[in-house]
Every structure is written in C-alpha cells, then in structure tokens.
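Here's the structure, in structure tokens; my notes come after.
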Amino acid sequence: MLISGLSAIADKYDALLCDVWGVLHNGREAYPGVAEALSNFQAKGGHVLLLSNAPRPSDALPQMFERLGIPHDAYNGILTSGDATCTYLASKTLGEACYYIGPDRDLNLFEGTGVARVGEAEGEFVLVTGPFDDETEGPEDYRAQFEKLVARKLPLICANPDIVVERGDKHIYCAGALAALYEKLGGEVVYFGKPHRPIYEVARHRLAEIAGAPVADARILAVGDGPMTDIMGANDAGIDALFITGGIAAADCGPKPEAPEGPRVSAVLARAGVTAVGAMPRLVW
C-alpha cells in the first residue's frame, strides 16, 4: 500500500481531485514537493482540480495559495464547499434571514445571494463555517446555544464538513465538529462538501470542462488526508483514493510522520471503513 510518490501510479489516471489543507499546505506554508508533484502530473497530460472543504468561494483562494507557495499553474481549477453553499443560499430554500456562526473571513459567502445576516432571534436558519474563534473554541462552547436553536427547529447549513484541520502544528475545530453536535442534539443539518455526494457530481462537471470531455471515474484519483472525508467521499463516489498519511491522521500512522507504518495505516483506514489504492506521508512526485 505504501508508495514512494505519485509517479508510481500516475499513469493510471487522467485527473486528480486533490484536497488542499493537510495535503498541499498546513495553513501557514506549502509542504515541500507538492507544487512539483501537481506540475509533473499536468506535464504528462493530467488535469488537476483542487477539491476543498474550505467554507468560502473558490475565487478567494488563488492569492492565498500563491502566498503559501502554491503557484497558479500547479492546478487547473478549484472547487470548494463554499461554492456549493453560495449556490444553495441563493436558492433561498431555507429562507432569506440567516443567523451566522463563523469567523469574519468567511462572510463573503453571503455576497450576491440575497440572504441577509441577522441576529440569533431573527434567524430562519443557521449557517456555520466554523467557530467564531477557532484558535480557542470547540463544539462544547456552543452546546447551550445549539440546544435553544434545535428547540426552535432551525435547520443548520454546514459549509465545511471537516472535523479538525492542521494549522501549523496545532489541530483546530471546523464546522463539521459543530454540525455533529447539532445533529446529536436532534437538529437538522444540510452538508456541503466532502464526503457528501453532491460535491462529486459538481467536480465531475468541472473536470469535463477542464479536460474538454468527460473523464471516466476509473481515470480519476482523489488525494486526501481525511479518512472520513476525502477517502470516504471518494469511495462512495466510486473513485480511487490516495491517502496522505502526514495530515490529520499522522499520529495514528506511526511515531514518525515522515515514515508511516504499513500496518498502522491499514488500521486507520479499516477503522474508518474505507480503502485506498496507495498511501504516502506527503504528496510528492
């Protein structure tokens, strides 16, 4: 299962659906070798669509990637859970008055949707992109508030199904962790992003636009570090998956992140009930 680099299996695929946080960067800088790996895959005729659970529109990301060390020409396109969330907000399926939970950096989700951001008492539904302060807060900080919102039967939109991500050497909670608590309390949650199938349908259409023709599922490889999001989503969509062990599951894959242990990697995937065609610590060529 462990492979030395993407080049070991690249010839089997025409397109990558590549996760971003935990695969390309850690929130502060790009991992060594990732830009080269993506560029080399393109050089052999492949197409790269970055598929992220980032709870913001994709047009906001290229500048950030450039700052982190991931150049524009390393990929062909970006699709985020934020893109899908914006489309859903604009449909006004849940109403026009939204109570928002999340940091200010994600407020551009509302632009052009016609949905107003209102106070908790006026909200017809809730949108969560993460804790207000993800450096210090977690799901339990919202339990009392969620109990009140659930009692009002307000549906909640989760714009990022990830539970945790790396920020430098620290793990921070994402919207998925808050949404899981909301569901546990009896609330209704609408998810956008991996591992949920709708985002993969959109991804297939985007890849067809990039490639100029539909790409067969058998020729698509999903790359990710999240067993319960990236790998599970690919499995459910009928797409092969490459597991990057050095991300959020690094500690479970062995004492040395740069040298994952095969049996422990297999155990991580088995616990999640998922499979991968290969695994390696970082995305390198």
Short version: ³J(HN,Hα) in whole Hz for each residue of segment 25-31, in order, from phi by Karplus 6.51 cos²θ - 1.76 cosθ + 1.60 (θ = phi - 60°), x for Gly and Pro, what are they? 8, 10, x, 10, 7, 6, 6
All other residues with a Cβ under 15 Å from the Cβ of D133 taken together, and with Lys, Arg as +1 and Asp, Glu as -1, what is their net charge? -4
Percent antiparallel among DSSP beta bridges confined to segment 84-191, nearest 5, equals 25 percent
Residues I231, I157 arranged by fewest to most Cβ contacts within 10 Å: I157, I231
Rounded to one decimal in Å, the inverse mean reciprocal Cα-Cα distance for segment 84-191, i.e. its Kirkwood radius, is 13.8 Å
Go through segment 175-259 and name the GluC sites (Glu not before Pro) that are in a DSSP coil and have 15 or fewer other Cβ atoms within 10 Å of their Cβ. E188, E258
At R0 = 41 Å the Cβ-Cβ FRET efficiency linking R117 and K184, nearest 0.05, sits at 0.95
Rounding to the nearest 20 debye, state how big the charge dipole of the chain is about its Cα centre with +1 on each Lys and Arg Cβ and -1 on each Asp and Glu Cβ. 460 debye
Segment 264-285 and segment 107-145: distance between their alpha carbon centers, rounded to Å: 33 Å
Using DSSP to call loops (not H, G, I, E or B), can you name the GluC sites (Glu not before Pro) in segment 1-90 whose Cβ has at most 16 other Cβ atoms within 10 angstrom? E29
If I fit a long axis through the Cα atoms of helix 262-272 and take the longest principal axis of the Cα atoms of the chain, what angle between them do I get, 0 to 90°, rounded to 10? 30 degrees
How much net charge surrounds R152 when only other residues with a Cβ under 14 Å from its Cβ are counted (Lys, Arg +1; Asp, Glu -1)? -3
For each of W21, W285, count neighbouring Cβ atoms within 10 Å of the residue's Cβ, then give the residues from fewest to most. W285, W21
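Rule-based calculations on the coordinates, nothing more; no lab input. Keep in mind that what you see is a predicted model, and the values were worked out from it rather than measured. Note: ideal-geometry Cβ built from the backbone for every residue, glycine included; neighbour counts use all protein chains shown.
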